[in-house]
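A quick write-up on the structure given underneath.
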Amino acid sequence: MIEVNNLRKEFKKTIKEPGLKGSVKSLFHPKTEKIAAVKDISFDIADGEILGFIGPNGAGKSTVIKMLTGILTPTSGTCTINGKNPTHNRKNYVREIGVVFGQRTQLWWDLPLRETYGVLKEIYEVPDDKFKERMDFLNEVLELEDFITSPVRTLSLGQRMRADIAASLLHSPKVLFLDEPTIGLDVVVKHNIRNAIEYINKKENTTVILTTHDLADIEMLANRIVMIDKGSNVFDGTISELKSKYGQIRELNFDTNDSEAKERLVYAKHFKVNEEDVIVEQEGNMVKVRFDSSVIPVSDMLTYTLGKIKVNDISVKDADIEEIIARLYKHEVG
Amino acid sequence: MRKKLKIYLPFVNAGMQETATYRTNWVFWQLGNILGCFISYFLWRAIFVSSENGSMNGFTMPQMIVYIFLMFLTTTLINSGGTYDIGEEIRDGSISMRLIKPISYNATFLFQELGNKIMTVCVLIIPLVAGVEFVRYRFTGEVQFHILMFLLYFLSAIFAYLINFFFNICFGFIAFVIKYLWGANMMKNCIVGFLSGQIIPLAFLPEMAKKVFLILPFASLNYTPVMIYMGMYTGTKMLMYIGLQMFWVLFFWGLSKLLWSVAIKHLSVQGG
């Protein structure tokens, strides 16, 4: 469905020396430097898959999405979507895709929402009966009814985002690009939007590429994750692969009456590992120990702890994806 | 063709609705222009009153006054905000939203502006033409309005608008390189204002400069339609200038297509 091979995008950037002197200097002798926002990215997406495309701020996600949607021309490398090259014959290509940029809107700012859909109907040449059917469907999934007659500038962010997603789906695209579709939304709206995306993906086998900073989006929706950083691939695989590869971090929580538990539990010394591999925090009766289970087996950890102090209650927690990704972003693992 | 029209007609509608939404802004904008027009009127009146004979470079004072008001009407009719709009879209990155639709970038601007133009024309043309004719009547004592002349003027103004539109689009593409156009746009407006006879009739210029300026596309903007309305271009001369206008329409249309295909490869979207 989607093939991306060694995609690269360079931008020219003017370097300005600091201060007024620098400004004057750069006016006459602008120094430019080529910056590769995207260095070398490759991945494939199968038909009907939902791909979570993640990475820290400035990793090049948006630039990749803009190349895939035909807005930017790659410096080198290729991307093929549905057998088409986005930058060749843009007008023809974009008929088959839907795009939502969470930070911008494709709706007509000063027109009632309904009119935007009317414009889109003509642009995509959707026949009348299909259009009606589609609007009913989108209405049901995204609940547009309450505000469809209001001008777009008066919509709340949550309403606008739902309206934007509906606009991107009006022509039943084969591929849907969602660039931060849940940014700035409350939990309920987020939940509705996730459900809508999942429903449409299931029902119409729409391929979805989703970039987000909200990992709950990813956990709920994505079958697969591609993570990039500094313009290159970091990880490509399913969530469970991500967990088994990087998710050896466990969290041991226990309740004890021993107020000096932290001092008594000298894990690093006992297991002969680095201090960073075992992090102990104590707050009153509650003690939290985070450790890498590939370095210290969970059973050894428990045996040592229970032998050392008196414990009232104990639990071991799996690493959550949020933590793994935070560690990946901070280059602690990988 | 019909199918294409159906795609772009909603843009006309949207343009009209946009103008209607911000009608107070529109009224103030037009009032500002009318005030500017009266400033020119008083300036030129002072010049003519202090001149020794009542005529300058073939213009009498009443003709000059008619010229000023016609210039204002024509400028309003053919004014195009393409440069500003493209500049803004590039500056804030919203150009992306236009690019993800299966439509021609230039055509959406054209049809959107057409919508807002239709509103302007409907509201302004009758009072302005009536005003110009009233001035002519007051100074000459006879009604000079010819419907044929007016229709030719209108046709010429349509060509002028198209030249202006595509010229502005071409100019707007500079934003792909320099990112923010406000300053360059101001400079362009001043130069075009001078070269198109908005400030001083081209007839007032030295012979050599006049010859060159009349061939340049800018004279085809305001000057040609005004000259037709005033009856200063007639017969073959008029046909020649309308022909020249058509040439410039095609020229800038072609240039805008060419520049677009070059510029789009250099696009770097700002802000997210």
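Every read-out reported here was derived from the displayed coordinates using simple, explicitly stated rules and does not represent laboratory data. What you see is a predicted model; the values in this text were computed from it and never measured. Glycine also receives a Cβ, built like all others from the backbone with ideal geometry; neighbour counts cover every protein chain displayed.
Restricting attention to region B:106-187, which chymotrypsin sites (Phe, Trp or Tyr not before Pro) occupy a DSSP loop and are surrounded by at most 14 other Cβ atoms within 10 Å?
Here the chymotrypsin sites (Phe, Trp or Tyr not before Pro) that fit, given the DSSP loop and packing criteria, are B:Phe145, B:Tyr180.
Measuring from centroid to centroid over Cα atoms, what is the spacing of region A:68-87 and region A:246-325 in Å?
Computed from Cα coordinates, the inter-centre distance equals 49 Å.
For chain B, set up a GNM with springs between Cα atoms under 10 Å and report which of B:Ile126, B:Ile86, B:Ile199 has the largest fluctuation.
It is B:Ile126.
In the protein assembly as shown, how does Rg compare with the Kirkwood Rh, expressed as the Rg/Rh ratio over alpha carbon atoms?
In the protein assembly as shown, Rg relative to Rh is 1.13.
Rounded to the nearest 5, what is the percent of antiparallel bridges among the DSSP beta bridges in the protein assembly as shown?
Numbers: 43 of 62 bridges.
Approximately 70 percent, going by the DSSP bridge assignments.
Rounded to the nearest 20 Debye, what is the dipole magnitude of chain B about its Cα centre when Lys and Arg each give +1 and Asp and Glu each give -1 at the C-beta?
Result for chain B is approximately 700 debye, rounded to the nearest 20.
Normalized C-alpha radius of gyration of region B:37-154, against 2.2 N^0.38 Å?
Against the compact-globule rule of thumb, the ratio is 1.47.
Using just the helices of the protein assembly as shown, give the 222 nm mean residue ellipticity in deg cm²/dmol: DSSP H runs with n ≥ 4 each add -39,500 (n - 2.57), and the total is spread over all residues, rounded to 500. Intermediate results must be reported in sequence, preceding the final value.
On the way: 25 runs with 330 residues, N = 606.
Computed ellipticity for the protein assembly as shown at 222 nm equals -17500 deg cm²/dmol.
Do any of A:Lys31/B:Lys257; A:Lys203/A:Lys245; A:Lys21/B:Lys179; B:Lys4/B:Lys117; A:Lys262/A:Lys310 go past 24 Å between their Cα atoms, and which?
Pairs exceeding the cut-off: A:Lys31/B:Lys257; A:Lys203/A:Lys245.
Regarding chain B, what are the three Cα extents along the principal axes, ordered largest first, in Å?
Sorted largest first, the three principal extents are 64, 40, 34 Å.
Report, to the nearest 10°, how far helix A:157-169 tilts away from the longest principal axis of the Cα atoms in chain A, using its own Cα long axis and a range of 0 to 90°.
Here the helix axis deviates by roughly 60 degrees.
Would you list the P(r) distribution for region A:75-127, with all Cα-Cα distances sorted into 10 Å bins from 0 and each bin expressed as a whole %?
19, 40, 30, 10, 0
Cα to Cα, under 16 Å, and not fewer than 8 places away if on the same chain: which aspartates and glutamates meet these conditions relative to A:Lys16?
Cα-Cα hits under 16 Å: A:Glu33.
Can you give me the Rg/Rh ratio for chain A, using Cα atoms for both radii and the Kirkwood formula for Rh?
Here the Rg-to-Rh quotient is 1.08.
Looking at chain A, send over the antiparallel percent of its DSSP beta bridges, to the nearest 5.
Of the beta bridges lying entirely in chain A, close to 70 percent run antiparallel.
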